[in-house]
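Student: Can you read through this structure? Questions will come right after.
The values are calculated or read from the model by the stated rules, or taken from the named source; none is laboratory data. Computed from a predicted structure; not experimentally measured. Quick reminder, even Gly has a Cβ in these numbers, built from the backbone with ideal geometry, and neighbours come from all protein chains shown.
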Amino acid sequence: MSDLPEFTIRVDQNPYLPAGGREMHAIVTVGATGANAGRAPTAGSVAPAARAEIIIVDTSGSMSYSGKMAAAKRAARAALNVIRDGVHFAVIAGANGPRMIYPRGDRLVRMSPETRRQALTVVGRLDAAGGTAIGSWLSMAGRLFAGHPGAVRHAILLTDGKNQHETDEQLDEALARCAGVFVCDARGVGTDWDPAELRKITSALLGGFLDVPDPDDLEHHFREMTESAMGKQVADVALRVWTPRHAKLRFLKQMVPTVQDLTGRRVESGTQTGDYPLGAWGREEREYHLCVEVPPGDVGRQMRAAWVKLVVPGAAPDAPAQELAMGNVLAEWTDDEAKSTRINARVAHHTGQQELAEAIQEGLEARRRGDEDTATARLGRAVVLAHKVGNEQIAGLLDRVVDVLDPATGTVRLKKDVSKADELSLDTRSIRTVRTGPGARSGPDATQG
Amino acid sequence: MTTYADGQAGSRAGGAAACARCGEPLAEDDRFCEACGTPSPAYAAAAQAPEVGVPQARYPVRVRPDEPSVSTARRAPDKPSCGDCGATAISEDGFCEVCGLRQPGDRDHVQIELAADGDPQGGRRPAQAAGITDRGLRRARNEDALAMIALPRAVCVVVCDGVATVPGSEEAARLASDTGVAVLARALSAGVAPVTATRTAIAASGRAVARLGETGGGRPEDSPACTYVSAVVTSEDITVGWVGDSRAYWLAGPSGGARPSALLTTDDSWAAQMVSRNAMSRAAARADPRAHQLTGWLGAAASPDPHDAVFRPGGPGVLLLCSDGLWNHLPEPGDLAEALADGPDASGDPLGAARLLVRAALDAGGRDNVTVAVVPFPPAASAVPPTPTAPIREQS
């Protein structure tokens, strides 16, 4: 195979702490690139995994309105046409419970011209009826994927409504069962679904979600999601983090492409060491913000504040994890204030983006509650941060929800008439971040050693 | 508890039985703090067994006289345990795998002793020269370097101090000192006069450091740079050469007959320039924030203006080379002599004298790297009948 991804880890930080300083921040950038054709695999590369793909289409009664069902069928067909031959797949219809559409029986089949033709045919017969119980759909996907360990396991979830026909507890249980079993990307079609719900689902399943107000756009979204899934080459990637004794990992958040707090996902994997699952990986780059609190050292001393490694499961079931790349987060105590007070540009950028996502979500929540003061304050803060971090898409969406009187101070007025689609879009995209520019990457406080 | 802290450990052990890091009470036989795992001062001191009067005997080096000694890596044969938490797992890049603290590198503390030829006298061979370079207490790296060699009729020593504000200066200092000593040895062995050899060695070291900067591709003022001071000690005289503010001192021995103790070099520094122009008093110049700005150095952006001088001691004593990490604290020859007064005879035990002086610098705060080299005059080897090969001839 000539398509082996090669992983790299880069750490951006200001390693200097003042005397007595404890809190160290760093941006960990994990990237994978294709190795040169014909080159032997190196330590940082692994063989591409097999793939398994499940398409989950909401077929609840509400899907029959506004041409959503017809658009969903076109979208499912587009996805089926992109799934490569040899990939194991299935199509599930979701209502009050899950229903196997293709193949028959609880299993995945291998994609071939024949199975693709059959699947395209049965997808055309989908009907909308019944309610929405997303947890039960996901649980079924989880059962089907269980027979394919080691593969890149990915599901596409389409819904148009709230999860009304099962309890929150049932959904949470399903998510707990499915976390780590497969990665799920979702799309909300129309304007009756709940961004907080899809955020919870895709965050637990290490995927992303977007709003698709116009059903006609679904086809394009499904094709893109499936193509991206076909580009994943390595399954079950995890970030392994070692920290010094008596240190505390305050948080680990994915920052690019979206904000996702991974802190609670830790699985202990050794002394002072924990693994944070990252899902499947293709040729892509993601960024993580790590914050660790360490026991202070004497001025002049250096400490490894964290040792981050990218790991995948070993080849055999009992084999130790394979390390694909590693990086160091350092700490060095100094009495030079010019050094210790400097803030790394990328840390500052991502700190701003985290706050931006929170400000938008809190602002919109307050607005829904009718708490206009909080909504105005938080959305005003969001306007300031969106300009500061250069997130023009979010700045544009904010313009549709508030009238900006002064972008510098964040003085805003809530708009009286805000379309549901605009509100959904802003809520959905609050966690979509922008990368730091190249200028911020090569600052004088870039990683040393 | 730091790795430098045998002095601190003593005071902590002598104080209250409490953990130095977290304050948890320690029982008398506790090896580690129950609460945070920090080694108890008494246990740590015993485990590290520091030599008396040494900051810490981390990587003792003893070099045979026929082997050029360089300041490059000399790892201790046994992988040391963590000086901070006591763990034995130190990763290859030098960090403790338990507490994460970086352990002293192989250049953080280097000591060199050149033993003399001939039979041991009184159970111990006299040393021809000895030196110590130490990271100090506040700096992350040791950017000083030290190299020395004993030839049949001369002892050569070079001390360099990397310019801390420029990256790569650690490498510059190491390269300059190694190059300097190698060139001195080659030239003197070929019969070149000490003064000529000294000038040749400075020029060669300067070129080597300048080349370091060229490969970096940066601006000249960001290129690696260092100071340089060398000494060639023969049974007749001492030849010193220097660029920058590392110094050479003559310290007269107690038996008398020698010229009085004196500073043999003049700094290439802002303060020295002010004093020489009679623009400021010595005290005022030294107190100025600009005092330490160098006016001469080895490196790409240098205007090479090296100095040399020949000194005839007239009687026994020791030659001292040092970086500003020492002379900042003990600037006057009298201060240095006083610091050595309580110790063993510097001529008989140059390593002991070097230890005393390094200790004094660390006790005074250890804010900078400190390097000290001590060469007894006349050289111990000159007691040995001259070897028939490679006589040093005077050349004009």
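Student: Starting from residues that are of a type in the set (D, E) and in contact with a strand residue (DSSP E or B) (Cβ under 8 Å, 6 or more places away or on another chain), keep the ones in region B:253-300 and report whichever is surrounded by the most Cβ atoms within 10 Å (Cβ to Cβ).
Tutor: If we take residues in region B:253-300 being of a type in the set (D, E) and in contact with a strand residue (DSSP E or B) (Cβ under 8 Å, 6 or more places away or on another chain), then B:D267 is surrounded by the most Cβ atoms within 10 Å (Cβ to Cβ).
Student: Exactly one of (1) more than 25 Å from the chain's Cα centre (by Cα); (2) more than 14 Å from chain B (Cβ to nearest Cβ); (3) among the small types (G, A, S) is unmet by A:G390. Its number?
Tutor: If we test A:G390 against (1) more than 25 Å from the chain's Cα centre (by Cα); (2) more than 14 Å from chain B (Cβ to nearest Cβ); (3) among the small types (G, A, S), just (1) comes out false.
Student: Another question about this same structure. Being over 18 Å from A:I54 (Cα atoms) and more than 14 Å from chain B (Cβ to nearest Cβ) is true for just one of A:V241, A:V256. Which residue is that?
Tutor: Answer to the check: A:V256.
Student: Take the residues of region A:324-346 that are among the β-branched types (V, I, T) and either away from chain B (no Cβ under 14 Å) or assigned to a loop (DSSP other than H, G, I, E, B) (or both): which is nearest to the chain's Cα centre (by Cα)?
Tutor: A:I343
Student: Run A:H220 past the list (1) touching a strand residue (DSSP E or B) at 6+ places or on another chain (Cβ under 8 Å); (2) not in a loop (DSSP other than H, G, I, E, B) and report the number of the one that doesn't hold.
Tutor: (1)
Student: Follow-up. Please go through region A:309-346 and pick out each residue that is charged (D, E, K, R) and in contact with a Lys or Arg (Cβ under 9 Å, 6 or more places away or on another chain).
Tutor: Result: A:K309, A:E323, A:E332, A:D335, A:R346.
Student: Just to be sure, is A:I55 buried (at least 21 other Cβ atoms within 10 Å of the Cβ), at pLDDT 95 or above, in the same structural domain as A:G150 (by TED's automatic domain parsing) and not in a loop (DSSP other than H, G, I, E, B)?
Tutor: Answer is yes for this residue.
Student: Modelled with pLDDT under 95, assigned to a loop (DSSP other than H, G, I, E, B), out of contact with any Asp or Glu (no Cβ under 6 Å at 6 or more places or on another chain) and within 21 Å of A:T226 (Cα to Cα): which single residue out of A:A37, A:A49 fits that description?
Tutor: Of the residues listed, the single one that is modelled with pLDDT under 95, assigned to a loop (DSSP other than H, G, I, E, B), out of contact with any Asp or Glu (no Cβ under 6 Å at 6 or more places or on another chain) and within 21 Å of A:T226 (Cα to Cα) is A:A49.
Student: Another question about this same structure. Within region A:278-301, which residues are part of a loop (DSSP other than H, G, I, E, B) and within 12 Å of chain B (Cβ to nearest Cβ)?
Tutor: Hits for region A:278-301 are A:V294, A:P295, A:P296, A:G297, A:D298, A:V299, A:G300, A:R301.
Student: Continuing with the same structure: Under 6 Å between Cβ atoms, at least 6 apart or on separate chains: pull out the pairs that start in region B:81-108 with a residue that is within 10 Å of chain A (Cβ to nearest Cβ) and end on any residue that is among the small types (G, A, S) and in a strand (DSSP E or B).
Tutor: The qualifying pairs do not exist here.
Student: Separate question: Of A:A316, A:A321, which residue is on the phi < 0 side of the Ramachandran plot, away from chain B (no Cβ under 14 Å) and without any contact (Cβ under 8 Å) to a residue 24 or more places away in the chain?
Tutor: A:A316
Student: So A:L210 fits all but one of (1) under 19 Å from A:M140 (Cα atoms); (2) surrounded by fewer than 20 Cβ atoms within 10 Å (Cβ to Cβ); (3) of a type outside the set (S, T, N, Q); (4) under 16 Å from the mean Cα position of the chain (by Cα); what number is the exception?
Tutor: Answer for A:L210: the failing condition is (1).
Student: Can you work out which of the residues in region A:324-376 that are without any contact (Cβ under 8 Å) to a residue 12 or more places away in the chain and of a type in the set (A, V, I, L, M) is farthest from B:R138 (Cα to Cα)?
Tutor: Taking the candidates together, the pick is A:A348.
Student: In addition: Sort through A:V241, A:V312, A:V267 and tell me the only one that's buried (at least 22 other Cβ atoms within 10 Å of the Cβ) and over 24 Å from A:V434 (Cα atoms).
Tutor: Result of the check over A:V241, A:V312, A:V267: A:V241.
Student: Quick check on A:A382: is it of a type outside the set (V, I, T), surrounded by 17 or more Cβ atoms within 10 Å (Cβ to Cβ), within 30 Å of A:V189 (Cβ to Cβ) and modelled with pLDDT of 95 or more?
Tutor: Criteria met by A:A382.
Student: Would you say A:T334 is assigned by TED's automatic domain parsing to the domain that holds A:E293 and either at pLDDT 90 or above or touching a strand residue (DSSP E or B) at 6+ places or on another chain (Cβ under 6 Å) (or both)?
Tutor: yes
Student: Turning to a different aspect of this structure: Considering only region A:191-210, state which residues are in contact with a Phe, Trp or Tyr (Cβ under 8 Å, 6 or more places away or on another chain) and not in a helix (DSSP H, G or I).
Tutor: A:L205
Student: Sort out which residues of region A:132-158 are under 15 Å from A:F209 (Cβ atoms) and modelled with pLDDT under 95, and write them in order of number.
Tutor: none
Student: Could you say which residue among A:S62, A:S66 is under 15 Å from A:V189 (Cα atoms), in contact with a helix residue (DSSP H, G or I) (Cβ under 9 Å, 6 or more places away or on another chain), at pLDDT below 95 and outside any helix (DSSP H, G or I)? Full working, then the answer.
Tutor: On the way: A:S62 fails: outside any helix (DSSP H, G or I).
When all the criteria are applied, what remains is A:S66.
Student: From B:G365, B:G314, which residue is surrounded by fewer than 19 Cβ atoms within 10 Å (Cβ to Cβ) and either at pLDDT 90 or above or of a type in the set (S, T, Y) (or both)?
Tutor: Details: B:G365 fails: either at pLDDT 90 or above or of a type in the set (S, T, Y) (or both).
The match here is B:G314.
Student: Continuing with this model, one more query. Away from chain B (no Cβ under 14 Å) and over 27 Å from B:C82 (Cα atoms), is that true of A:D261?
Tutor: yes
Student: If you don't mind, another one. Got a number for residues in region B:147-166 being part of a strand (DSSP E or B) and of a type outside the set (A, V, I, L, M, F, W, C)?
Tutor: 2
Student: I want to confirm something. Restricting to region B:157-174 and keeping residues that are farther than 27 Å from B:V318 by Cβ and crowded, with 24+ Cβ neighbours inside 10 Å, which single residue is modelled with the highest pLDDT?
Tutor: Going residue by residue through region B:157-174, those that are farther than 27 Å from B:V318 by Cβ are B:163-172.
Next, from what is left, pick out any that are crowded, with 24+ Cβ neighbours inside 10 Å: B:169, B:172.
Values: B:S169: 84, B:A172: 92.
Checking each candidate, the answer is B:A172.
Student: So, in region A:302-320, exactly how many residues are assigned to a loop (DSSP other than H, G, I, E, B) and within 23 Å of the chain's Cα centre (by Cα)?
Tutor: Number satisfying all stated conditions: 1.
Student: Can you tell me which residues in region A:364-389 are small (G, A, S) and over 16 Å from A:I431 (Cβ atoms)?
Tutor: Within region A:364-389, A:A366, A:G370, A:A375, A:A377, A:G380 qualify.
Student: In this structure, is B:R199 assigned to a helix (DSSP H, G or I), over 18 Å from the mean Cα position of the chain (by Cα), basic (K, R) and over 20 Å from B:G296 (Cβ atoms)?
Tutor: Numbers: assigned to a helix (DSSP H, G or I): yes; over 18 Å from the mean Cα position of the chain (by Cα): yes; basic (K, R): yes; over 20 Å from B:G296 (Cβ atoms): no.
Judged against the criteria, B:R199 is not a match.
Student: Against the definition (more than 14 Å from chain B (Cβ to nearest Cβ), surrounded by fewer than 20 Cβ atoms within 10 Å (Cβ to Cβ), touching a residue at least 24 places away in the same chain (Cβ under 8 Å) and acidic (D, E)), how does A:D236 come out, yes or no? Quick ask: steps written out before the conclusion?
Tutor: Values: more than 14 Å from chain B (Cβ to nearest Cβ): yes; surrounded by fewer than 20 Cβ atoms within 10 Å (Cβ to Cβ): no; touching a residue at least 24 places away in the same chain (Cβ under 8 Å): yes; acidic (D, E): yes.
Against the criterion (more than 14 Å from chain B (Cβ to nearest Cβ), surrounded by fewer than 20 Cβ atoms within 10 Å (Cβ to Cβ), touching a residue at least 24 places away in the same chain (Cβ under 8 Å) and acidic (D, E)), A:D236 does not qualify.
Student: Counting only residues that are touching a helix residue (DSSP H, G or I) at 6+ places or on another chain (Cβ under 8 Å) and hydroxyl-bearing (S, T, Y), how many does region A:264-317 have?
Tutor: 1
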